[in-house]
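What follows draws every value from the coordinates through simple rules; no lab data is involved. A quick note: this is a predicted structure, and the numbers were derived from the prediction, not measured. When we count neighbours, we look across all protein chains shown, and the Cβ atoms used for this are built from the backbone with ideal geometry, even at glycine.
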Amino acid sequence: MEVGLIRLRPRRWGALTRAERVGGRIVLAEGEATGHAHVIDSPLADLYQDRLENRYLKLDGPAQLRHEEHAPVALERGVYRIVRQREYAPKSNRRVSD
């Protein structure tokens, strides 16, 4: 499973639903095979979702994206769209898994 973050301009949050934290942290994606997760553990972060299930990360300050198999990734304050990597398989299109 790979997660991409695309930095966006600030946006209005009224049309979006705020997502709940899991164990006090924001889970961007969980591995289907390993159970490892891409997480952000910061009180300055919020996760939102629109009606099409696009997800957005809002950081009111710096934070780190963590995963058990990678070094932490430093993120700056801002708004990011969360994109899950997809892989091609003949006759199908599915998300990449660990």
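Quick notes on this structure:
- Pairs with Cβ under 7 Å, 6+ apart, first in region 42-69 and farther than 15 Å from Leu28 by Cβ, second hydrophobic (A, V, I, L, M, F, W, C) and part of a strand (DSSP E or B): Leu44/Leu59; Leu44/Ala63; Pro62/Ala74; Pro62/Leu75
To keep it simple, each residue is scored yes or no on (1) more than 15 Å from Arg11 (Cα to Cα); (2) buried (at least 19 other Cβ atoms within 10 Å of the Cβ).
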| residue | (1), (2) |
| --- | --- |
| Glu30 | yes, no |
| His38 | yes, yes |
| Gln49 | no, no |
| Leu57 | no, yes |
| Ala63 | yes, yes |
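- Number of residues in region 1-34 that are outside any strand (DSSP E or B) and touching a residue at least 40 places away in the same chain (Cβ under 8 Å) equals 11.
- Checking each residue in region 1-20 for being exposed (fewer than 15 other Cβ atoms within 10 Å of the Cβ) and either more than 15 Å from Ile82 (Cβ to Cβ) or of a type outside the set (A, V, I, L, M) (or both) picks out Gly4, Arg7, Arg9, Pro10, Arg11, Arg12, Trp13, Gly14, Ala15, Thr17, Arg18, Glu20.
- Considering residues of region 35-50 that are small (Gly, Ala, Ser) and part of a strand (DSSP E or B) only, the residue nearest to Val79 (Cα to Cα): Ala45
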